[in-house]
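No value in this document is a laboratory result; all are computed from the given coordinates. Every value quoted in this text rests on a predicted model; they were computed, and no experiment measured them. Positions of Cβ are backbone-derived with ideal geometry, glycine not excepted, and every protein chain shown enters the neighbour counts.
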Amino acid sequence: MDIWNWTRRGALAASAAALLAGAATLGAAPAIAQTPPGVLIVGQIAEPKSLDPAAVTAVNDFRILVNLYEGLVQYSPGTLEVAPALATDWTISDDGTVYTFTLRDGVTFHDGTPFNAEAVKFNFDRMLDESHPFHDTGPFPLAFFFSAVETVEAVDELTVKFTLSEPYAPFLSNLAYPTGLIVSPSAVEASGADFGRAPVGTGPFKFAEWRSNEAVVIERNPDYWGDPAGTEAVVFRPITDANTRVAEMLAGGIDLMVEVPPVALSQFQGDDFTLAEQAGPHLWFLILNAKEGPFADKRVRQAANYAINKEALVNDVLEGTAEVAAGPTPPAFAWAHDEELEPYPYDPEKAKELLAEAGAEGATLTFYVTEGGSGMLDPVPMGTAIQADLAAVGFDVKIETYEWNTFLGEVNPGLEGKADMAEMAWMTNDPDTLPFLALRTDAWPDEGGFNSGYYSNPEVDALLEKARVSTDQAERADLYRQMQRIVQDDAPWVFVANWKQNAVTSSRVENFALEPSFLLMLKDVAKN
Amino acid sequence: MAGYILKRLLSAIPVMLGITVIVFLIMAMIPGDPATAILGSYATPENVEKLNRDLGLDKPLVQRYFIWLGNMLTGDFGRSFSLNRPVLDEIAERFSATLILAGTAFVLCSILGILAGAISAARQYSLADKAITFVVLIGISVPSFFLGMMMILLFAVNLRWLPVSGMYAIYGGGDLPDLIAHLAMPALALAAVATGVIARLSRSAMLEVLRQDYIRTARAKGVPERRVVYGHALRAAMVSVIPVLGIQAGFVLSGAVYIEMVFQWPGVGRMLVDAILKRDILLVQGGVVFVSACYVLFNIAVDVAQSLLDPRIRT
């Protein structure tokens, strides 16, 4: 009896299976055909929360937003310096509390309504004024970026005046951050809480469609005030699994992929793909508990900086996707970073000497490690490699691993009584942010800051306070450089790495570049 | 019969209430809160407190539970923090995707499993039996997510026969062939383990039946072997296979979580994983309650079907 020919039922089942397989191959042809020219398909790491710039916090969402909207100012391409966007010009009062912007003439939102001073006022009032009729379209988690703003005043059609309660130097770079992107007031009035799913801005692309968990589609804005976008449309696909994202890129299902896992980089060599890299305003560091235990002694903190082989971490664990960090300010803040600062060299002998001097040989350390999280790179392999380096100079390091949200819940309230060191990473938009929130004495956790290691140096406090109220960029830069030298020597942290953001594009994509801001500017990108 | 069904439905009410309490307590107990997840690096105690207040999470636990339960009974599952849309809309959309995937996998594993088991048993120790047993053991042993990844590498990346992930093509798709192309790999990967289990079970059930006297009688009176095996024996063996199909349906539904991650299928499993990582309390709670309700109803349906087949069960 032939095995494939024993019953009618069997034959039926077999033919059904064959039909299924046949249909699958048939369907495969259109499904995996090349992506159309002029349409850029971007592999994102997650579904966006909302397309309302005031309501979101994730870089993943910002990557879409900066193509739909524009702010008063922007980061000029390739830098973190503030340049004109919807505002053509601005003046700052001598005391640093009044900012007056001249707006670009003839700009309209995608819904046809004009962009003017009233629209700007509406945007900031919506975020900051709890009695504003559309404040309930929030919550607005990053509204505190503008908490210094006291009033916004539409002086005339194209002039808008911000009055701050105190001088606040990062104000301009906060305006350039996606939280400062300008939305259409009439669209907010029309959509209310659903504005995040029907976004209207002034950018080079306008919103077309959002298919939940499949794609966000944006199209070229034909009425854009500047040069028109290089592609007809951009499709953002959320692909949360990194392996699947890599497979989609290899199979041609997407044209551009961000955040390529280090281990997958080798698969994108050759002519079919182009790898883009860009160091960003990111710092990966270890918080050291300077209040109690061995790290209360500056020499032991310095010893930890000498003992950890950062070159090896960056090259072997992170496969070259980061650079060794020197001091607390990432080099991406070119204007404020001290070029002369050198990273602590890898010198286990020097570390042992310092430990002997401090009498801290063989100290036991508790080390908080996280499993993953925003900007944390490869925290578990990094943690184990660091443990091994510290063991080599005589420390006995116990690792405790936590899931990201739990980890933040343990670390942010401070390490006292719990741990000697913890992994941490920050990505910021202004050189002020990280040190101001995490190195000042007034930023200890009980004061509401992130100085979880209780570092305190009055000199650093004074420099940071002064830099924050200065409106002269050269003066600020000088103050930040002084701060970096002191902090580098005091070693409240182990300065480990500055992440280089990466992206892969297929050979059909042209004019693509990454920005130090980690935003994804797609206006000038073309696809064949 | 109607009385039996009613009794089973009533007994489901305390089960569902228990589930709401458990999922609510788990979400309240796990460390980290939505505000910390949303704010990330900027989660100062002050910001966290303000955002939690905006999200309505500052009320006492018991009060929050009853507000949630009361709203849910009136059909309002609340609004997702992480997706900024009504929880019920999201679940409805996602659940239909999961049903397509899990339903296909279930049909596949039932047909393939029973067929493989029957062939194995009818020709015990033959080459076909050994080959099937070998393939079935691989199906049971290889984790489904690994199988899925290997399938992607072979069929999507190297051969380019099938799309890697998603449910429909981004451009030019949306029809049935497009859906089938996207469904083929995840459905097969999801069906693999259950197929193996069902095949093993059908084989032993068939072997048991084939040794019965009435089979010998059938053969003795000259019934063709094909009809003996696939007519008489298979039908009798089904009685012990059907309850296992019910259990496997549950496994297929839960296995869909990994498969949905690997193939980025927009189903309810992937939704729950994302929601847990983002501490999207209402979405997790709503999703779990919804899936549990389906599971409970499905179990009742299986029990009812079984009691129809075998009245002794109805006590």
Can you give the FRET efficiency to the nearest 0.05 for A:GLU311 and A:THR91, using r as the Cβ-Cβ distance and R₀ = 41 Å? 0.30
For region B:131-178 versus region A:152-229, the gap between their alpha-carbon centres in whole angstrom: 41
Using 10 Å bins from zero, what percent of all Cα-Cα pairs in region B:78-205 falls into each bin? 12, 31, 30, 19, 6, 2
Note down, for region A:241-314, the three equivalent ellipsoid semi-axes (square root of 5 times each alpha carbon gyration tensor eigenvalue), biggest first, whole angstrom. 40, 13, 11
If you average the C-alpha positions of region A:337-361 and of region A:455-478 separately, how far apart do those two centres end up, in angstrom? 26
Once you sort the root eigenvalues of the Cα gyration tensor of chain B as a ≥ b ≥ c, which label holds: rounded (a/c under 1.5), prolate (a/b larger than b/c) or oblate (the other case)? oblate
What does the C-alpha gyration tensor say about the overall shape of region B:1-78? Classify as rounded when a/c is under 1.5, otherwise prolate if a/b is larger than b/c, or oblate. prolate
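Filter the trypsin sites (Lys or Arg not before Pro) in region B:206-315 down to the DSSP loop ones having no more than 11 other Cβ atoms within 10 Å, then list what survives.
Here the sparse-neighbourhood loop sites are B:ARG211, B:LYS221.
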State the antiparallel share, in %, of DSSP beta bridges confined to region A:282-500, rounding to the nearest 5. 60
Show me the helices of chain A, taken as full DSSP H stretches, that run 30 Å or more along their long axis by Cα and average -1.0 or above in Kyte-Doolittle hydropathy. A:8-31
Going 7 Å from the Cα of B:MET150 toward and past its Cβ, which residues in region B:168-189 have a backbone nitrogen under 20 Å from where you end up? B:184-189
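Taking Cα atoms of region B:169-315, Rg/Rh with Kirkwood Rh, to two decimals? Provide the component values of the computation, followed by the final result.
Details: Rg = 21.0 Å, Rh = 18.7 Å.
That ratio is 1.12, to two decimals.
Which of B:CYS294, B:CYS109 has the fewest other C-beta atoms within 10 Å, and how do the rest follow up to the most?
Sorted ascending by nearby Cβ count, the order is B:CYS294, B:CYS109.
With a cut-off of 8 Å between alpha carbons and a minimum separation of six or more residues, what is the relative contact order of region A:282-500 in percent?
36
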For region B:30-73, what log10 I(q)/I(0) values come out of the Debye formula at q = 0.18, 0.27, 0.28 1/Å, with one point per alpha carbon and no solvent? -0.58, -0.93, -0.96
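Using the structure shown, select from A:LYS291/B:LYS50; A:LYS418/B:LYS50; A:LYS310/A:LYS398; A:LYS500/A:LYS527; A:LYS206/A:LYS527 the pairs with a Cα to Cα distance greater than 22 angstrom.
Pairs exceeding the cut-off: A:LYS291/B:LYS50; A:LYS418/B:LYS50; A:LYS500/A:LYS527.
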Hull volume in cubic angstrom per residue (convex hull over the Cα atoms of region A:282-500): 106
Please give me, ordered by residue number, the chymotrypsin sites (Phe, Trp or Tyr not before Pro) of region B:42-150 that lie in loop per DSSP and have at most 15 other Cβ atoms within 10 Å. B:TYR125
Proximal charge balance of B:LEU153 [Cβ under 13 Å; K/R count +1, D/E count -1]: 0
Rounded, prolate or oblate: which one fits region A:70-190, using the alpha carbon gyration tensor with axes a ≥ b ≥ c (rounded when a/c is under 1.5, else prolate when a/b beats b/c, else oblate)? rounded
The protein assembly as shown pair-distance distribution - Cα-Cα, 10 Å bins, rounded %: 2, 11, 19, 22, 19, 13, 7, 4, 2, 0, 0, 0
So which DSSP H runs in chain B come out at 20 Å plus along the axis (Cα) with average Kyte-Doolittle of at least 1.0? B:2-29, B:87-122, B:127-141, B:176-210, B:234-263, B:281-309
What percentage of all Cα-Cα pairs in region A:129-255 are separated by more than 17 Å? 72
The Kirkwood hydrodynamic radius of region B:1-150, taken as the inverse of the mean 1/r over all distinct Cα pairs, in Å, comes to 20.7
Förster radius 35 Å - calculated FRET efficiency between A:THR159 and A:ALA474, Cβ distance, rounded to 0.05: 0.80
Relative contact order for region A:70-190 using alpha-carbon pairs under 8 Å, separation at least 6, rounded to a whole percent? 32
Computed over the Cα atoms of region A:327-401, what is the ratio Rg over Rh, Rh following Kirkwood? 1.05
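Under the 0.36 nm per residue contour assumption, what length would be gained going from the current alpha-carbon distance of B:LEU61 and B:TYR295 to full extension?
81.5 nm
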Descending principal axes extents, region A:213-269, alpha-carbon based, whole Å: 43, 27, 17
With a Förster radius of 56 Å, plug the Cβ-Cβ distance of A:THR384 and A:ASP105 into 1/(1 + (r/R0)^6) and report the FRET value to the nearest 0.05. 0.45
Taking every DSSP beta bridge that has both residues in chain A, what percent is antiparallel when rounded to the nearest 5? 75
Pair-distance profile P(r), taking every C-alpha pair of region A:384-466, with 10 angstrom steps and integer %: 16, 40, 32, 12, 0
